[in-house]
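All of the numbers you see were taken from the coordinates with simple rules; none came from a lab. Given the structure is predicted, the values throughout are model-derived calculations rather than measurements. Because the Cβ atoms are built from the backbone with ideal geometry, glycine has one as well, and the counts that use them run over all protein chains shown.
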Amino acid sequence: MPMLTNILRKKPALGPGMWLFLGLFAVLILIIPHITGLTTTTLLSRIYILAIFGMSYDILRGYTGIINLGHALFFGGGTYIAGIMFSRMGATLDILLLAVLVSMVFAAIVAYIMGQFAFRGSGFTGVIACAMITLAFGEIGRHSAETLREYTQGADGLTFRVPLMFQDRVMMYYYALLFLIAMTLILRQFVNSPTGRVLQAIRDNDQRAKFLGYDTKKYKLIALVIAGMASAAAGIMFALLTRFANTELLTVQSTLNALLYTIVGGTGTLYGAIFGTAFVQLAQNYLLELRGIHEIFSRWLLFFGAIYVLVVLYMPKGLVGTYLQLEEKWRKRKIAA
Amino acid sequence: MNPLLKLDNVSSFIGPFHILQGVSLEVYPGEAVVILGRNGAGKTTTLRTIIGLVPASGGKIILDNVDLTAMPPYNTVRQGIGFVPEDYGIFDALTVEENLLIAMLQEDQETLDRRDHVLELFTDLKESYKRFASTLSGGQRQMLSIARALVNDNKIILIDEPSKGLAPIIVEKVRDTLLTFKQKKTIVLVEQNFEMACAVGDRFYIIAEGQTVLDGTMKELMDDEELQRKHLGFVTA
């Protein structure tokens, strides 16, 4: 499957076979809403949006080596900002644009402040301190949302209307797909840029990047701001899809979901988040459907815990990382033969 | 002539340990100075303190009239210091090309020309240009590490034990490389391999228990067996 490898590599070489494969895949993706039901269409829309949440986490975990336990603050923040603005100011396109602007500013400012506190240390203790400080930020966000019930409706959740053009589920599918493609291209450009290269160097060894002349804290801040904004954008799309926000979106569990998407898909691969999200969401959906067979399947988190442990133990590079590793092995074997 | 690099009674700690307790040295433009001493004397810490990776707790570090003493490493390097660490310091997850690109503090024509020149000097790297650094041999990694320090127009290059862990034939290659660019660059070399130190160095400083205890020309040290025995614990054949 060298074609798939080419797609998954950072700089794909597109031959005729690749174009044919991409073309067929694109046709399939485009006609899915017309050959399946609304449930599948909505599930796929959800996967496309959450994949960006996962990718934004991969910028931090996979490309910069940062463990952010408060990342849901950006995603949930985006959803809440859109929801509150729609419910208070009206569900129009103008308000959506305003919500996008406010969310981006919110994410950039919160990420900057969070990073100023979280990136003070270095080495292993620095990683732990970063995880704890970001966890604290996330909890502050969640607690604030629960306290400000007047705006957020707390744990009960906030239901709201969305602009007319996003109300049709099939159209929403295409918007989510477009969002996934656009954000993937933007984030791919970012990780392949000189800044992305420095982030990978920081992930490898913070100190080495410093003696090459890079202010590693500044670069980590850039990564957090970009990841936060991408996550907030995904949060807005999630608001348009679900028309609902509750404090669950801001919990550490929500952050751990993003971590799960990247770990299952493969950290440091960017595209891995798409496969990871698809795997996790489809597995969750399938397990829930099995509830009729046995009650244990309603406890799908148990199975997820098991999947998480198995992936970490036996497939630490995730689906995409393992595939690329195996393909490299096959290629070498072929050359040797 | 003013020294290009001057350390005046520099001290530093690693955790609770007082490693440098008064290192003073001067390096003049165009010369190669070798720092010698027994294991644990503070040679590597001296280089790391100059760079700022280990913060100086006392004394002064001056490079070309700029005070580096309290500067963070990312700024120190931008004053014109290239550093080749003992463990090569290259990024395994990046290709040779990306390792060189990341080392380039500017991407102007002058720097690109310098990179091309460096690749002519290190033909192995040119052949492995698109390969991941993790696939390079020890000698190639050392070459890449040195090449990275040469792509910028650095005033001075600090090199920490370039022969460590390398096969004799590779050590010879590294020595030849250092001799080639010694003509154009000011070098501070920490080296346990006395033969290499003698081949490359013009002057030496000996560090013992975190202090500079002796300095002179390499010829003086080579000719004085008593000095070698007393400070380095061996005598050259």
Task: Within region B:103-133, trypsin sites (Lys or Arg not before Pro) in DSSP loop having at most 10 other beta-carbon neighbours inside 10 Å - done: B:130
Task: Reachable aspartates and glutamates from residue A:218, criterion Cα separation under 15 angstrom, eight or more residues apart if same chain - done: A:206
Task: Residue range of chain A that is longest and free of trypsin sites (Lys or Arg not before Pro) which are both DSSP loop and sparsely packed (at most 14 other C-beta within 10 Å) - done: A:162-298
- [ ] Please report, to one decimal in angstroms, the Kirkwood hydrodynamic radius of the protein assembly as shown built from all distinct Cα-Cα pairs.
- [x] 26.7 Å
Task: Signed unit charges on C-beta, dipole axis of chain A, positive-most listed residue A:202, A:60, A:173 - done: A:202
- [ ] Could you tell me which of B:206, B:143, B:55 has its Cα farthest along the dipole of chain B towards the positive end, charges placed at Cβ (Lys, Arg +1; Asp, Glu -1), taken about the Cα centre?
- [x] B:55
Open item on the list: How high is the relative contact order of chain B? Use alpha-carbon pairs under 8 Å, at least six apart in sequence, and give a whole percent.
Closed with: 27 percent
TODO: Calculate one ³J(HN,Hα) per residue across region A:255-269 by plugging θ = phi - 60° into the Karplus curve 6.51 cos²θ - 1.76 cosθ + 1.60, and present them in order as whole Hz with x for glycine and proline.
DONE: 5, 5, 4, 4, 4, 4, 4, 6, 5, 5, x, x, 6, x, 10
Task: Alpha-carbon Rg with Dmax, taken over chain A, Å - done: 20.2, 69
Open item on the list: Mean-square fluctuation check for chain A, GNM, Cα pairs under 10 Å: which of A:235, A:23, A:121 is largest?
Closed with: A:23
TODO: Report, ordered by chain and residue number, the lysines lying within cross-link reach of residue A:334, taken as a straight Cα distance under 30 Å and ignoring same-chain residues fewer than 8 apart.
DONE: A:10, A:11, A:317, B:126, B:130
TODO: Sorted from largest down, give the three principal axis spans of the alpha carbons of region A:242-287, whole angstrom values.
DONE: 30, 24, 17
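Taking each residue in A:133-141, count the Cβ atoms of any other chain within 10 Å of its Cβ, then average. What number comes out?
Values: counts 0, 0, 0, 0, 0, 0, 0, 0, 0.
For peptide A:133-141, the averaged partner shielding equals 0.
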Task: Normalised contact order of region A:37-251, rounded percent, pairs of Cα under 8 Å and 6 or more residues apart - done: 46 percent
Open item on the list: From Cα pairs below 8 angstrom and at least 6 apart in sequence, can you work out the relative contact order of region B:159-237, rounded to a whole percent?
Closed with: 21 percent
Open item on the list: Please list, ordered by chain and number, the residues whose modelled amide H lies under 5 Å from the amide H of residue A:246; skip anything fewer than 5 residues away on the same chain.
Closed with: A:158
Task: Net charge contributed by nearby residues that have their C-beta within less than 15 Å of residue B:220 (K/R +1, D/E -1) - done: -3
Task: Separation of alpha-carbon centers, region B:144-185 and region A:148-209, rounded to whole Å - done: 45 Å
Task: Debye, to nearest 20: dipole size of the protein assembly as shown, +1 on Lys, Arg Cβ, -1 on Asp, Glu Cβ - done: 1540 debye
Task: Separation of alpha-carbon centers, region A:45-76 and region B:37-110, rounded to whole Å - done: 34 Å
Task: Listed residues A:254, A:309, A:280: farthest to the positive end of the dipole of the protein assembly as shown (Cβ charges) - done: A:280
